[in-house]
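First comes the structure, then the notes that go with it.
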Amino acid sequence: MTNPAAPGVAAQRTSVRLPRKLRKLLRHPLFWVGGAMLLALLLFTFLGPVFDPPDGNKYDMAIQLLPPSFSHLLGTNVLGQDELAQLMVAGQRPIISGFISAIVAALIGIFVGLVAGYSGSIVDSVLMRITDIFLSVPQVVPILLIESLLGANTRSFITVVALTLWPATARIVRGRTLVVRQQPFVEAVLASGASHVRVLLRHVLPNVLDDIVVAFTNQFANVVLVMAITTFVGLGLPPPWNWASMFAGNIDNIVGGQWWVVYPPGFAFSILLVSVYFLGEAVRHALNPQDAQGGQGS
Amino acid sequence: MTRYVVRRVLEAAFTLFVVSFATFLLLKAMPYNLAALSAGPRATPEMVVQLAHEMGLDKPLPLQFLFWLRQTLSTGAALAATYAPPSLELLGLGSVVAALCAFAIAYVQAKRPNSLFDRGMSLITFVLFTFPSFWVGFVLIFIFGIQLLWLPAAGPNLDPSSQGFSNWTLGMILPVATLALTTIATWTTYFRGAIEEALRSDYIRTARAKGLPENQVIVVHVLRNALLPAITIAGLSLPTLFNNVIVIEWIFGMPGLGSSLVLALTQFNYGVAVDLVVVIGAVTILGSLLADLLYAAADPRIHFV
């Protein structure tokens with residue numbers, strides 16, 4: 001009911017395309033599936049502990065390794081701790097640190113990719129040489145080494161993972177920037193007197209946005225997997241509980257057939273990764289101009 | 001060809017040099033006394049000074065690096081001789097199995113897009129893509145090693161001759177399957193793109209138009225042309241594969257570069273750990289080099305400049 005004209009003018013440039021893309025996104029089934037899964041997982045980990053009475057730290061040797069029942073919906077572990085209560089709290093740090101690390105890594109990657117692809121020549125070669133070196137070594141190895149040297153610390157872990165995993169994003173963004181940069185409209189904008197920074201932010205960046213979304217979902221999956229791997233072998237996120245350490249700490253119990261202490265954290269990881277991947281696929285379909293015509297992918 | 005090979009070899013050598021220099025700098029940047037760390041918690045101060053001298057830590061930084069590099073290369077070579085073969089067996093078998101499966105799936109998907117097989121496989125690879133390798137490994141161990149008791153739950157140990165070839169093969173099945181399953185998803189997507197592109201190309205139409213039998217069209221033209229991007233992808237994903245090799249060795253209790261690295265790091269045995277870091281770097285860099293050279297040898301269109 002506010003003034004409809006004023007924002008309309010300001011949003012003129014984008015409003016022609018954005019609603020159509022938004023509608024396309026909302027029509028995509030994977031958007032709803034992925035969104036629902038992620039929302040459920042977030043509610044489970046962050047709101048669940050508020051409503052669930054059992055304390056995940058309380059142990060009772062008398063009830064160790066109970067199978068799932070009504071009093072302990074996911075059973076208990078070897079210390080007699082409630083598996084469900086632990087699973088909720090244990091999800092908070094992997095999710096938060098995964099998102100922070102992925103966002104930082106994506107920002108570094110986008111920056112390096114834009115600068116390398118836009119400036120070309122020497123700057124490009126040097127930056128790409130650096131990303132090549134990063135990409136030529138298994139990413140887990142430097143993270144394991146640094147984490148072992150620094151000791152367990154959530155903040156340093158998030159930083160180290162972000163600083164190790166940005167090159168993949170940089171590669172993707174750089175590749176697309178190279179293509180966009182050579183298009184006539186960039187030359188036209190430059191000729192009309194725009195600065196390089198303006199061209200980069202206002203004209204190149206919006207055109208590589210769909211690649212950035214894809215790069216981010218890949219980055220997120222990669223970050224969560226690498227964090228899970230390093231934590232699983234004992235050198236990542238420090239205690240208290242998180243999904244990977246729950247998995248690692250309980251894995252010996254499978255010999256006795258107590259699957260309920262290991263399956264839940266494993267499935268939690270899968271749900272987190274699948275939901276973000278689905279969301280990314282939906283956004284990619286919505287942003288990809290080539291899918292606008294006929295490409296009816298499911 | 002020679003110039004291209006020389007250039008790629010020099011590039012790989014430079015990368016390896018940078019990786020080892022970065023490892024060295026990383027160690028120096030840490031707020032620890034390297035000699036004290038290597039000597040262990042119960043060493044006397046005299047022993048630490050003695051060790052620091054033996055490690056060349058009392059010399060200027062560039063000399064220290066050379067000293068460190070020389071030592072790392074000799075001890076690293078010994079470590080590699082013992083622990084690289086099992087890791088490479090796992091890596092090699094896993095990627096071959098993954099490549100064959102991914103190629104087969106991608107081929108059927110490309111031939112029959114939007115079929116039931118295509119959609120089902122897309123969903124399965126979707127889900128596999130997002131499974132951590134230790135989770136896949138665990139599920140396999142639980143089903144085949146513990147519930148069904150069909151296969152050994154642990155991988156083969158260091159010396160294949162001591163356990164016989166059949167035991168070694170049985171032990172390798174689950175680790176190789178884990179590595180393959182975690183890799184198939186990504187590779188199928190790439191291979192499918194390559195095969196679809198080959199199927200669409202003009203030379204396929206020409207081959208069909210001149211009356212070649214369909215089998216020959218597929219094998220000689222489609223698959224051979226799709227093989228080239230496949231080699232590139234395999235080379236590029238080598239470091240990612242090795243990430244999974246580390247976990248798989250750890251979860252299956254197999255000796256190898258990865259499990260030794262984790263063991264050394266969790267026990268704060270940095271002498272061994274750093275050697276292993278450099279060896280793993282060398283293995284992946286050499287692997288990528290090999291993939292590039294193979295590509296160059298297989299593709300007649302590459303001009304060697």
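None of the figures in this text is laboratory data; all of them are computed from the coordinates on show. All values derive from a computational prediction rather than experimental measurement. We place every Cβ from the backbone using ideal geometry, glycine too, and count neighbours over all the protein chains shown.
Max-minus-min Cα coordinates of segment A:177-298 on each principal axis give 72, 36, 18 Å, with the largest extent listed first.
Stokes-Einstein, applied to the Kirkwood radius of segment B:126-214 over Cα pairs at a viscosity of 1.002 mPa s and 20 °C, places its translational diffusion at 133 µm² s⁻¹. Would you please give the FRET efficiency between B:Trp150 and B:Ser115, computed as 1/(1 + (r/R0)^6) with r the Cβ-Cβ distance and R0 = 45 Å, to the nearest 0.05? That gives a FRET efficiency of 0.90. Charged side chains reduced to their Cβ positions (Lys and Arg at +1, Asp and Glu at -1) give the protein assembly as shown a dipole of some 2260 debye around its Cα centre. Alpha-carbon geometry of chain B: the Rg and the Dmax are 23.5, 83 Å, given in that order. Within the straight-line cut-off of under 23 Å between alpha carbons, the lysines reachable from B:Lys210 are B:Lys111, sequence neighbours fewer than 8 places apart in one chain being disregarded. Between 0 and 90 degrees, rounded to the nearest ten: what's the tilt of helix B:270-298 against the longest Cα principal axis of chain B? Once rounded, the angle reads 30 degrees. FRET efficiency for the pair B:Leu25 and A:Thr154, taken as 1/(1 + (r/R0)^6) with r the Cβ-Cβ distance and R0 = 25 Å, rounds to 0.50.
Its residue count N sets the reference 2.2 N^0.38 Å, and the alpha-carbon radius of gyration of segment B:70-134 equals 1.75 times that reference. Using Cα centres only, tell me the gap between segment B:245-264 and segment B:1-69 in whole Å. Here the two parts' Cα centres lie 23 Å apart.
Restricted to Cα atoms, the protein assembly as shown shows a radius of gyration and a Dmax of 26.1, 83 angstrom. Summarised as an ellipsoid, segment B:221-303 has semi-axes of 34, 14, 7 Å, derived from the eigenvalues of the Cα gyration tensor scaled by 5 and square-rooted, with the largest first.
Out of every Cα-Cα pair in segment A:87-148, what percent are more than 20 Å apart? Tail of P(r) above 20 Å: 47 percent of Cα pairs. In plain terms, the C-alpha convex hull of segment B:7-120 casts an average shadow of 12.8 nm² when viewed from every direction. Diffusion coefficient of segment A:205-249 by Stokes-Einstein, Kirkwood radius over Cα pairs, 37 °C, 0.692 mPa s: 277 µm²/s. Scaled against the 2.2 N^0.38 Å expected of a compact globular protein of N residues, the Cα radius of gyration of segment A:143-185 reads 1.81. Using Cβ point charges alone (K and R +1, D and E -1), the dipole size of chain B about the Cα centre works out to roughly 920 debye. Annotation for B:Arg7 and B:His53: the two label points, set 7 Å from Cα along the Cα-Cβ direction, are 5.1 nm apart. Note on B:Ser166 and B:Leu290: with the Förster distance fixed at 35 Å, the Cβ-Cβ geometry gives a FRET efficiency of about 0.70. In whole angstrom, segment A:108-196 maps to an equivalent ellipsoid with semi-axes of 34, 13, 9, each derived as √(5λ) from the alpha carbon gyration tensor and ordered largest first.
Based on DSSP H segments of at least four residues, each scored -39500 (n - 2.57), the protein assembly as shown has a per-residue ellipticity at 222 nm of -23000 deg cm²/dmol.
Summarising the label geometry, the points placed 7 Å from Cα in the beta-carbon direction at A:Val50 and A:Ile96 lie 1.5 nm from one another. In plain terms, the bigger the Kirkwood radius, the slower the diffusion; for segment B:174-278, with that radius from Cα pairs, at 4 °C and 1.567 mPa s, Stokes-Einstein puts D at 78 µm²/s. Length gained on full extension, A:Leu201 to A:Leu42, computed as 0.36 nm times the residue gap minus the Cα-Cα distance: 54.0 nm.
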